[in-house]
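Remarks on the structure that follows.
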Amino acid sequence: MIVMKFGGSSVGDTRRIQRVAQLINELQAKEPVVVVVSAIGGVTDLLLTAATAAAGKNQSKLTESLKSLRGLHLQVAAGLKLTQSAQTELNDLVDERLAKAGQLLQSVYTLGELTPRALDAILSYGERLNIHLVANAIGPKARPLEASNFIVTDDRFGAAQPQLEKSVRRTKLVISPLIKRNFIPVVTGYIGATAEGVITTLGRGGSDYSATILGYCLGAREVWIWTDVDGVMTADPKVVRDAHTIAELTYNEAAELSYFGAKVLHPLTMVPVALKNIPIRIKNTFKPEIEGTKIAKKISENGTSTKAIATIGNLSLITVQGKGMLGVPGVAARMFDAIAAEEINVMFISQASSEFNISFVVQYGDGRHAVKVLKEIFRYELDIRTIETVKIEENLAIIAVVGEGMRGHPGIAGQTFSALGNAKVNIIAIAQGSSERNISLVIHQHEVPKAVKSIHNQFHLAKKQNG
Ligand code: ADP
Ligand code: ASP
Ligand code: MG
C-alpha cells in the first residue's frame, strides 16, 4: 500500500482536484492507496487572517475572510459537476463546516484573545473542508476521514508531535477495514488530536508529516508526496532558475535541507518513515511520468560533494561577548538553559575558539526577548564587565550547503567561501555540523539570492545533476 499526499498547490482549483482524482483512481487500480490532502492552496492563510482579524476586533476583515473562504470552496465544488443531490449535499456540508469555524471565530472576537488551542481548531477547517471536495471528485470509492480521530498527538498546539504507538492502533482500526473493502481513504493532512480529543496541528506545511505518520502506522510500502515541482531540487527553483531535480537523497540529507528552509518538505517528515525504512518519493502532480526524488536510508550514489543548498530567512543573531568569558566554565550552559526555559528555538550556534564570544541564531520574533532574558541572567557579569555586551543583529538568513558526500572531502568549505567572496557576500558567522553533512553560514537576508546562485554555480549543481 502507498500513502499519497497532495499539497495545497496540487488541489488549488477544480481542474487540479479533478486531475488529482484521476491520478488517484489510476494508481489505486494497481495497488491500495491512502490519500492525504492539504487545504486548498491559500486557505490556511485565509483562516489565519480571519483568526487574527477576530482577535483584533476587526469585524469587517473577519466577515470578508469568511466570505472569501465560502466563495472559494463553493466555486470549486460547483466545478466538480456532481449530480444535483450530491452537489446540494456538498454545498450544505461546506456551509455547515464554515458555520462552525465562524462560531469559533466569533468567540475569539468576543474574548479579544486568540489562544494557540483556539487557533489550531480554526486552522483545522481548511483540511476538514477539502477532504470532502477531493472525495467527491474521486467518486464512490472515496471515504473522507478526519485524522483527529486516529492521529494522537501531545498538546503543543501549533507544533504538536504524534504519539506513534497510540496512533498505530487507532489508525489501523479505522483504515485497514476500508482498504480491505477496496475503498480509498481521503485523510486530512496537518491535523491530529490529543488523547482527550482536542484538535491540534503539526505546524505549517504539516501535511507532509501527516503522510509519513500514516505511512508508519500502516506499514506502507512507500510514501509519495505530490507537489508542484519535479522533486527536491538543488536549490529553491524560485531563487535559482537552473536548479535541478535530485534523483536520490538520504533521510538525513532531506532532513537537513528541510530544516534549513527547503519548503518542499516539513522538517519532521523523515522521522516516522526512517524508523521503518519506508522510502519517500517526491513527485510532480502535473508531470507524473517524471521519476522525481527518492528519499531513503541508503542510496546508490552519494557523490563526493555538495548536493543542494537551502536557505531560511527572517532570523536574528544574538552575540554574548566579553573577555571574562575566557575559560569560565558554564557560561554557555547558563545561556542555553535560560533560552530553552523560554521555549526559544536555537537554530545555529557558533563560538569563536578564543571563547571571546558565543553567537546563536533564532527566529526574528524571538530575538529581542532572548536578549532581554540574557541581560537578566548575566546582570552580575555585565555589571562587573566580565561580559561586555549582549547584542542582536536582525534581517539575517542562514544558508546551508548539504550533502553526505561532503564528509571526508576537504575543500568544500573553502570553495563555498571563495564563491561567496567572489560574489562579495559578507559572511557573518559559520558553523559546520559534526556530521560534516552540512555547512551553514549566516549572511544578510538581502544577499540570499546572490549567495545561493554563486554557491550553486561554484559546485556546478545544475550541470552535475543533469548528468
Ligand atoms: P505543497 O503545497 O505541495 O505542500 P509547498 O509550497 O509546501 O508545496 O512546497 C513546494 C515548494 O517548495 C516549491 O514550489 C518550491 O518553491 C519550494 N522549494 C524550496 N526549496 C526547494 C527545493 N530545494 N526543492 C524543491 N522545491 C523547493
Ligand atoms: N494547509 C497547511 C498549511 O498551509 C498544511 C500543509 O499545507 O501542509 O500549512
Ligand atoms: Mg507544503
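Please tell me if Val240 is modelled with pLDDT under 95 and crowded, with 18+ Cβ neighbours inside 10 Å.
yes
In the list Gly192, Gly139, Gly215, Gly203, which residue meets the criterion of being closer than 20 Å to Lys5 by Cα, at pLDDT 95 or above and within 15 Å of ligand 1 (Cβ to nearest atom)?
Gly203
Across the range 70-91, what is the number of residues that are farther than 19 Å from Val43 by Cβ, of a type outside the set (S, T, N, Q) and without any contact (Cβ under 8 Å) to a residue 40 or more places away in the chain?
Qualifying residue count for the region: 2.
Residue under question is Val361, and the condition is that it be in contact (Cβ under 8 Å) with a residue 24 or more places away in the chain and within 24 Å of Ala451 (Cα to Cα); does it hold?
yes
Identify, please: which residue in the range 286-311 is in a strand (DSSP E or B) and either within 16 Å of ligand 2 (Cβ to nearest atom) or of a type in the set (S, T, N, Q) (or both) and is, among those, nearest to Gly189 (Cα to Cα)?
It comes out as Thr293.
More than 15 Å from the chain's Cα centre (by Cα), of a type in the set (Lys, Arg), closer than 28 Å to Ser359 by Cβ and more than 9 Å from ligand 1 (Cβ to nearest atom), is that true of Lys307?
Judged against the criteria, Lys307 is a match.
Could you please let me know if Ala99 is touching a residue at least 24 places away in the same chain (Cβ under 8 Å), of a type outside the set (S, T, N, Q) and either outside any strand (DSSP E or B) or away from ligand 2 (no atom under 16 Å from the Cβ) (or both)?
Answer is no for this residue.
Conditions (1) surrounded by 22 or more Cβ atoms within 10 Å (Cβ to Cβ); (2) part of a loop (DSSP other than H, G, I, E, B); (3) in contact with a His (Cβ under 6 Å, 6 or more places away or on another chain), marked per residue:
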| position | (1), (2), (3) |
| --- | --- |
| Leu133 | yes, no, no |
| Pro140 | no, yes, no |
| Lys166 | no, no, no |
| Gly192 | yes, no, no |
| Gly203 | no, yes, no |
| Ala211 | yes, no, no |
| Cys217 | yes, no, no |
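Going by the structure shown, is Gly197 more than 16 Å from ligand 3 (Cβ to nearest atom), over 30 Å from Glu289 (Cβ atoms) and among the small types (Gly, Ala, Ser)?
yes
Can you name every residue in the range 258-267 that is assigned to a helix (DSSP H, G or I) and within 14 Å of ligand 2 (Cβ to nearest atom)?
The answer is Ser258, and nothing else.
Is it the case that some residue within the range 324-341 is under 30 Å from Pro279 (Cβ atoms), loosely packed, with under 14 Cβ neighbours inside 10 Å and within 23 Å of the chain's Cα centre (by Cα)?
No; the residues of the range 324-341 include none that is under 30 Å from Pro279 (Cβ atoms), loosely packed, with under 14 Cβ neighbours inside 10 Å and within 23 Å of the chain's Cα centre (by Cα).
Mind telling me which of the residues Leu123, Leu119 ends up being within 16 Å of ligand 3 (Cβ to nearest atom) and modelled with pLDDT of 95 or more?
Leu123
When the range 32-42 is examined, which residues are found to be more than 16 Å from ligand 3 (Cβ to nearest atom) and touching a strand residue (DSSP E or B) at 6+ places or on another chain (Cβ under 6 Å)?
Selection gives Val33, Val34.
Report, by residue number, each residue of the range 103-144 that is hydrophobic (A, V, I, L, M, F, W, C) and within 24 Å of Gly79 (Cα to Cα).
If the condition is that a residue be hydrophobic (A, V, I, L, M, F, W, C) and within 24 Å of Gly79 (Cα to Cα), then Leu129, Ile131, Leu133, Val134, Ala135, Ala137, Ile138, Ala142 are the ones that fit.
Do you know which residues across the range 263-280 are hydrophobic (A, V, I, L, M, F, W, C) and within 13 Å of ligand 1 (Cβ to nearest atom)?
Across the range 263-280, the qualifying residues are Val264, Leu265.
Just for the range 10-23: of the residues that are in a helix (DSSP H, G or I) and within 16 Å of ligand 2 (Cβ to nearest atom), which one is surrounded by the most Cβ atoms within 10 Å (Cβ to Cβ)?
My answer is Val11.
What residue, of Ile455, Ile439, Ile387, Ile399, is surrounded by 17 or more Cβ atoms within 10 Å (Cβ to Cβ) and in a loop (DSSP other than H, G, I, E, B)?
So the residue among Ile455, Ile439, Ile387, Ile399 that is surrounded by 17 or more Cβ atoms within 10 Å (Cβ to Cβ) and in a loop (DSSP other than H, G, I, E, B) is Ile387.
When you go through Ala243, Ala255 one by one, which is the residue that is outside any loop (DSSP other than H, G, I, E, B) and either small (Gly, Ala, Ser) or within 14 Å of ligand 3 (Cβ to nearest atom) (or both)?
Going through Ala243, Ala255 in turn, the sole match is Ala255.
Identify, from the list Thr269, Thr293, the residue that is of a type in the set (Val, Ile, Thr) and under 30 Å from Arg170 (Cα atoms).
Thr269
For the structure I just gave you, tell me whether Gly102 is surrounded by 18 or more Cβ atoms within 10 Å (Cβ to Cβ), within 16 Å of ligand 3 (Cβ to nearest atom) and not β-branched (Val, Ile, Thr).
no
Which members of the range 268-285 meet the condition of being more than 17 Å from Ser9 (Cβ to Cβ), touching a residue at least 40 places away in the same chain (Cβ under 8 Å) and assigned to a loop (DSSP other than H, G, I, E, B)?
Listed by number, the residues that qualify are Leu268, Ile278, Pro279.
Mind listing just one residue for me: the one in the range 24-70 that is assigned to a helix (DSSP H, G or I) and within 14 Å of ligand 1 (Cβ to nearest atom) and, of those, farthest from the chain's Cα centre (by Cα)?
Looking at the filtered set, the residue picked out is Val43.
The values are calculated or read from the model by the stated rules, or taken from the named source; none is laboratory data. The shown structure was predicted, so the numbers you read here are calculated from the model rather than taken from an experiment. For neighbour counting, all protein chains shown are included, and Cβ atoms are generated from backbone atoms with ideal geometry for every residue, glycine included.
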